[in-house]
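Working notes, beginning with the structure itself.
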Amino acid sequence: MTGLVKSQGDIVIFGRQRDIKLAILQAIATQRQVWNKDVGQIVGMPTEDLPRAKHMDRKLVVLFKSVEKPPWRINGINPKSVDYSIPDCKQGLTYEQIKEICRPFTWGKFRCTAFLDNARQMAVYAASKEEAEEVMQRLATLSTAQIIRLSVTEEIKVNVNQIKIATRVYPCYATLVTEPTDILGVPVGGKQAYKRRRRRLDLYRQPTDLSPLG
C-alpha cells in the first residue's frame, strides 16, 4: 500500500519500496503540471465552468466508409472507415431520421469540436471548416444535449503517415449502445462491457426491421 501526504507544498510518500518508485514519478509529473497554475488551465477553461458529466447510458455510433455499399473490401483492400459517437442520443430514433441526418460528406483535416450542455463533447473531421461545422450541427440533432460552443481547427503539422487526405465517405451502420443503470445511475453490469446492449441498423440499404431504436 502506498500513501501520499501533502503539507505546505511538500509531498511525503510512504509505502513498500517497489511501489514508491512509480508513485514518485507520478507525483513529480502531477506537481510539474499543476504547479502555480489554475487547474482549469489544463483543459483550457476555468474550473468553475467545468460541469460534471453523468454516466452515459446510451449513445449512437455511426460508421462511415469510403465505399458506398458492399463488398467493403476491394482487391483485398479495406476502405477508409471513420466512426462518430453521438452521446445521450434521443430515444425512438428511426431509420428514416438517422438516414436523413447521416449523409455522405468529405472527411479531411478540419476538426470541429462541440461542447455540449451535458458536459460531453463531440468531434468530427471534414475537408473544410464549413463542412466540418455543418456535419457537426446535423449529427448533434440526434442527441438530447444542446451545443453550447463550437471550435474548428485545422491540422497544419502532422506525421506524413497520418495526413488526412480528403476522402468522400458514406453512412454504413448506426449502432445504438445502451447500458442499463440502477436508480442511482450506476451501471447494472459494472465494468463488464458484454452487459451493454447493442442494436445495429444498416444505412447503406433499407433494413427489414424498421422499428424505432430503443
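Take peptides 83-95, 199-211, 140-152, 106-118 and line them up by average Cβ neighbours within 10 Å, highest first, as a rough protection proxy.
Packing proxy ranking, top to bottom: 106-118, 83-95, 140-152, 199-211.
If you stretched the chain out fully between Arg103 and Arg73, how much longer would it get, using 0.36 nm times the residue separation minus the C-alpha to C-alpha distance?
8.7 nm
Could you please tell me the mean projected area of the C-alpha convex hull for the stretch 123-178, averaged over all directions and given in square nanometres to one decimal?
Approximately 5.5 nm², given one-decimal rounding.
If R₀ is 35 angstrom, what is the calculated FRET efficiency for the pair Val158 and Asp209, using the beta carbon separation as r and rounding to 0.05?
Efficiency for this residue pair is about 0.25.
Since every read-out is calculated from the coordinates, none of them should be taken as a lab result. Predicted, not measured: the structure shown is a model, and the values here were computed from it. Don't worry about glycine lacking a Cβ; one is built from the backbone with ideal geometry, like all the others, and counts go over all protein chains shown.
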